[in-house]
1. Distances longer than 30 Å among the Cα atoms of the chain: what percent of all pairs is that?
2. Based on the mean of other beta carbon atoms within 10 Å per residue, what is the order of 53-61, 125-133, 185-193, most packed first?
3. Just rank 66, 113, 40, 34, fewest to most, by other beta-carbon atoms within 10 angstrom.
4. Calculate, for residue 25 and residue 81, the FRET efficiency according to 1/(1 + (r/R0)^6) with r their C-beta to C-beta distance and R0 22 Å; round to the nearest 0.05.
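Nothing in this text is a laboratory measurement; each read-out follows from the coordinates by a stated rule. Bear in mind that the values here come from a model prediction, so they are computed numbers and not experimental data. We place every Cβ from the backbone using ideal geometry, glycine too, and count neighbours over all the protein chains shown.
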């Protein structure tokens, strides 16, 4: 079973500038990764700095188990660090283990926003920088309006966008522009969601 699109979805990039005001209070965003009603892993963002100069550490650790014997059918691990200056991505370094296939990435921003999805600048352009292998993804964005989404601290109102093209994701952002929820279809046809704690 392959769920490799977990990587690009949790961890994306577009031609726009970052809005430093959307850095989350407390410096962290943490998510449970849910598939078929089961918690299969974690996805998190840790922010260091403020204003126009900051870094973002993105971590994903997902394991799909084989029922009964509990062995891993699929494992995905990703760690990346983005550095931002003056509202623009300056560097991105990432290491990924996609079910035993390693990927290493070290690149400049090149005017793109990384496909890490953490704030709603993601939906303001049509090009995304893949944070696993560095290729540029073309996407279209549909604005689906405000909806209630469930988080670990209860329901919140969030703005729903749908990405299609080289990356297919449904994304919800809270009133501060921070990622609140993610839903996408994995390679095996199952639905995967990221539920903010």
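1. I get 13 percent for the Cα pairs in the chain exceeding 30 Å.
2. Values: 53-61: 18.2, 125-133: 21.2, 185-193: 14.2.
Highest-to-lowest ranking by the protection proxy: 125-133, 53-61, 185-193.
3. On the way: 66 11, 113 28, 40 19, 34 16.
The most exposed by this proxy come first: 66, 34, 40, 113.
4. Working: r = 21 Å, r/R0 = 0.96.
Result of the calculation: an efficiency of 0.55.
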